[in-house]
Amino acid sequence: MINIILCEGKTDAILLSYYLCKTAGWTVLKKAPKGIDIKPKNQNQSAFCYQRENDILLICGVGGVTNFQKFIQDHIIQIMKNQRNISKVAIMVDRDDKAENDLLNEIEQLFSPLLDNIASNHWSHHTYMDAFEYEVSVDFLPLIIPQAQVGALETVLLNAIAEDPYDEKIVTQSQKFVNKIAPVADKYLHTRRMRLKAELSVTWAIQSPDKAFVFIDEQLQSIPWENSQTLRECFTKLLEI
């Protein structure tokens, strides 16, 4: 069976692939099967396949929240209509400061007319007609993160890092530093989202000053996220794929 996870960017996709390979037994598949071999159109997008026994998992970073609609219409809807062995489809989006119902309505519109009546962090069963007018069934999960507070993926990672009492102090002081310097660095930290990214970057720079200039994917893969209770709770539904 084929399973699909969509997320906003390459960072999200890297974290999910690392986490699911470590915790759920998925392994990298060097070549995507025919029919789901998506070719990213720019460097901010990614599409990689993973395998577990006879099942395939496609994880896509769409290149930013504003690119969801085009990416889904250009690639995912076509896959869902042309492949009868689609089992599960999940989409992970940042909560930011939006109302949950507004986000769910936006997600439904992205997959219109294939989906309706979805609920956050809950698998729901749907049926639709494929390109050959056969009825197809799929389970769908909208995962809005964080689940219980305003924020984004960076919030979840900071919470995971702060599980350790020693590192919790570093996270707290990093957040205080960014908030203090933000008014004089508004050219770079002009939005709440940019300040949140800075909080994570400062935390990482303090934890691993010798790795401050490595690429973010290397930094993500150097931390044993699979041991985090925060991430286990956040991604528990994805482990059902």
Q. How many of the residues making up region 112-152 are of a type in the set (A, V, I, L, M), in contact with a Ser or Thr (Cβ under 7 Å, 6 or more places away or on another chain) and in contact (Cβ under 8 Å) with a residue 60 or more places away in the chain?
A. 0
Q: Search region 175-196 for residues that are within 23 Å of GLN149 (Cβ to Cβ) and pair each with any residue that is open to solvent by 100 Å² or more (accessible area, probe 1.4 Å) and of a type outside the set (S, T, N, Q) when their beta-carbon atoms are under 7 Å apart and the residues are at least 6 apart or on different chains.
A: MET194/TYR188
**Q.** Members of region 42-56 that are in contact (Cβ under 8 Å) with a residue 12 or more places away in the chain and touching a Lys or Arg at 6+ places or on another chain (Cβ under 9 Å)
**A.** ASN44, GLN45, SER46, ALA47, CYS49
Q: Return the residue satisfying two criteria in turn: it lies in region 29-51 and is over 17 Å from LEU6 (Cα atoms) and in contact with a strand residue (DSSP E or B) (Cβ under 7 Å, 6 or more places away or on another chain), and of such residues it is surrounded by the fewest Cβ atoms within 10 Å (Cβ to Cβ).
A: PRO33
Q: Test CYS21 against the criterion of being within 17 Å of the chain's Cα centre (by Cα), touching a residue at least 12 places away in the same chain (Cβ under 8 Å) and open to solvent by 20 Å² or more (accessible area, probe 1.4 Å), and give yes or no.
A: yes
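Just to be sure, is ASP94 under 30 Å from ARG52 (Cα atoms) and among the acidic types (Asp, Glu)? Lay out the reasoning, then the answer.
Details: under 30 Å from ARG52 (Cα atoms): yes; among the acidic types (Asp, Glu): yes.
Taking the combined requirement at face value, the residue satisfies it.
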Q. In region 68-103, which residue that is without any contact (Cβ under 8 Å) to a residue 40 or more places away in the chain and in a helix (DSSP H, G or I) is surrounded by the most Cβ atoms within 10 Å (Cβ to Cβ)?
A. HIS75
Q: Check off (1) touching an Asp or Glu at 6+ places or on another chain (Cβ under 8 Å); (2) assigned to a helix (DSSP H, G or I) for ASP116 and give me the number that stays unchecked.
A: (2)
(Q) Suppose we filter region 112-142 for residues that are open to solvent by less than 70 Å² (accessible area, probe 1.4 Å), over 21 Å from the mean Cα position of the chain (by Cα) and charged (D, E, K, R); how many remain? (A) 1
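Is it the case that some residue within region 27-38 is within 20 Å of ILE144 (Cα to Cα) and either of a type in the set (Gly, Ala, Ser) or at pLDDT below 90 (or both)? Let's see the steps before the verdict.
To start, the set of residues in region 27-38 that are within 20 Å of ILE144 (Cα to Cα) comprises none.
Looking through region 27-38, none of the residues is within 20 Å of ILE144 (Cα to Cα) and either of a type in the set (Gly, Ala, Ser) or at pLDDT below 90 (or both).
State all residues of region 197-214 that are without any contact (Cβ under 8 Å) to a residue 12 or more places away in the chain and under 18 Å from ILE161 (Cβ atoms); if no residue qualifies, say none. Quick ask: steps written out before the conclusion?
Just the residues of region 197-214 that are without any contact (Cβ under 8 Å) to a residue 12 or more places away in the chain, to begin with: 201, 205, 209-214.
If the condition is that a residue be without any contact (Cβ under 8 Å) to a residue 12 or more places away in the chain and under 18 Å from ILE161 (Cβ atoms), then SER201, ALA205, PRO209, ASP210, LYS211, ALA212, VAL214 are the ones that fit.
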Q | Residue check, GLY61 among the small types (Gly, Ala, Ser), surrounded by fewer than 20 Cβ atoms within 10 Å (Cβ to Cβ) and under 22 Å from THR236 (Cα atoms) | A | no
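The values are calculated or read from the model by the stated rules, or taken from the named source; none is laboratory data. Computed from a predicted model, the values in this text were never measured in an experiment. Note: ideal-geometry Cβ built from the backbone for every residue, glycine included; neighbour counts use all protein chains shown. Only protein heavy atoms, including side chains, enter the accessible area calculation; ligands, DNA and RNA are left aside. Shrake-Rupley method; radii C 1.70, N 1.55, O 1.52, S 1.80 Å.
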